[in-house]
């Protein structure tokens, strides 16, 4: 398995691996809303598709047959996407069941952040991809598990070899997932295990984020490197949209609206091509500065904005370097309320320096703004988060070892989670639900 890649007698390159399974190793992940396709894994499968004789994407959330039924005598490589730490035992069970003669390579955000831990926890893993997987997977197919592949860690003669880190590449305009030939499932919106029948899909229009909010580590890769913001051409996005059957599409960009001129051009093309779909995107409140573009977005089918507000207090917004205060937020929402979009706003429970009462201010502040739905999370300090450095210098704040959640001497993780539940329960009312339904 670790020998150098083979060459045919006439000198032409022969792929090291020819029959590949790409596995999404979860059963219960996001049980109440577990309907989104594993788009990263599909990108990897598309990247190697032209190099191998067969590649199959298996989403175990949708399979009734045992995993072993997908392995046959020709299978020689299994690629597994581990983005979350959930269901670790299930993932281990799947990996341990793979016959020894088949190479097992794990990738994804969680795998990248926990390379040594995963090698120790699951000895059956042969290699781990650190960072973006598309080009690394292509090289693995061509060469096997090799010291020549940047971004790869692998077992060799009883030790773990960590190759050099691979530089993050910009997003490509000429490459997107091959849904027609690789996707085996129809993904639809599911709420509390009720299938609405509304088909949903994911896309990327860009990678990275040009902003520098202190608490955020989404625009960092799992190795702690900041990803430079890069964007596809609007024409390439429209070309991909034409291949998507779903009527409801989420853009998985860290920030979709970083360049509103680009957004405007995309809207013009969507309208011009007569594409009739609904979109949800991550955005910043500054979109309110361009009401003329918001008008085009509404006409083009943009429906839901996911907005990071984070706090109802100026002191916290300033410490986060959000670039706005509560008065500016009110000013932005005065514009946003003119449009019939659904505004889903993120707030953090447990911001450093906030009291219980200040955290509960999320409720009246959200009602005042006209927020439609809330996304609440307890403050976390992930492996490469700036928050981790902040907490290190504070005697009265601590990080929960298992979850990474930040808590203080005054408010435990359990108490913060209860505040989160209290805010949710108090915010949602019949009036709020009716308003959202009317917008739909």
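List 207, 435, 184, 138 from most exposed to least, where exposure is judged by having the fewest other Cβ atoms within 10 Å.
Least to most surrounded, the residues fall as 184, 435, 138, 207.
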- Query: In percent, how large is the relative contact order of the chain, given Cα pairs closer than 8 Å and 6 or more residues apart?
  - Reply: 11
- Message: Which of the three applies to the range 179-439, rounded, prolate or oblate, going by the alpha-carbon gyration tensor with a ≥ b ≥ c and a/c under 1.5 meaning rounded?
- Response: prolate
- Go ahead and collect, in residue order, the members of the range 341-384 whose backbone nitrogen is under 20 Å from a label point 7 Å along the Cα-Cβ direction of residue 415. 348-363, 377-381
- Item | Bridge type composition, the range 19-162 - antiparallel percent by DSSP, nearest 5 | 30
- Item | Point-to-point label distance, residue 289-residue 346, nm (Cα→Cβ direction, 7 Å offset) | 2.0
- Mind ranking 396-402, 286-292 by how tightly packed they are, going by the mean number of other C-beta atoms within 10 angstrom, highest first? 286-292, 396-402
- Message: Can you tell me how the range 19-162 classifies by the Cα gyration tensor, rounded, prolate or oblate, using a/c under 1.5 as the rounded cut?
- Response: rounded
- Task: Quickly rank 104-117, 70-83 as a protection proxy: mean count of other C-beta atoms within 10 Å, highest first.
- Result: 104-117, 70-83
- Message: What whole-number distance in Å separates the alpha-carbon centres of the range 267-305 and the range 52-81?
- Response: 38
- Item | Highest to lowest packing among 124-133, 403-412, 156-165, 301-310, scored as the average C-beta count within 10 Å | 124-133, 301-310, 403-412, 156-165
- Message: Once you place label points 7 Å from the Cα toward the Cβ at residue 433 and residue 390, how far apart are they in nm?
- Response: 3.5
- Message: Which residue fluctuates most in the GNM of the chain (Cα springs below 10 Å): 326, 177, 414?
- Response: 414
- Decide, for the range 133-207, between rounded, prolate and oblate: order the square roots of the alpha carbon gyration tensor eigenvalues as a ≥ b ≥ c, take rounded if a/c falls under 1.5, and otherwise choose prolate if a/b is larger than b/c, else oblate. prolate
- Separation of the residue 357 and residue 261 label points, Cα + 7 Å toward Cβ, nm: 4.9
- Item | Estimated FRET transfer efficiency (residue 72, residue 36; beta-carbon r; R0 30 Å; 0.05) | 0.55
- Item | Relative contact order (%) - the range 19-162, alpha-carbon pairs under 8 angstrom, separation at least six | 23
- Which percent, nearest 5, of DSSP beta bridges in the range 179-439 are antiparallel? 30
- Query: What fraction of the DSSP beta bridges in the chain is antiparallel, stated in percent and rounded to the nearest 5?
  - Reply: 30
- Projected onto their principal axes, the Cα atoms of the chain stretch, largest extent first, over whole-Å spans of 72, 58, 39
- Note on the structure: Per-residue ellipticity at 222 nm attributable to helices in the chain (runs of n ≥ 4 DSSP H, -39500 (n - 2.57) apiece, nearest 500 deg cm²/dmol) works out to -9000 deg cm²/dmol
- Message: Just want to confirm a number: the relative contact order over the range 82-222, from Cα pairs under 8 angstrom separated by 6+ residues, in percent.
- Response: 16
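Values in this text are rule-based calculations from the coordinates and carry no lab data. Computed from a predicted model, the values in this text were never measured in an experiment. So basically every Cβ, Gly included, is an ideal-geometry build from the backbone, and we count neighbours across all protein chains shown.
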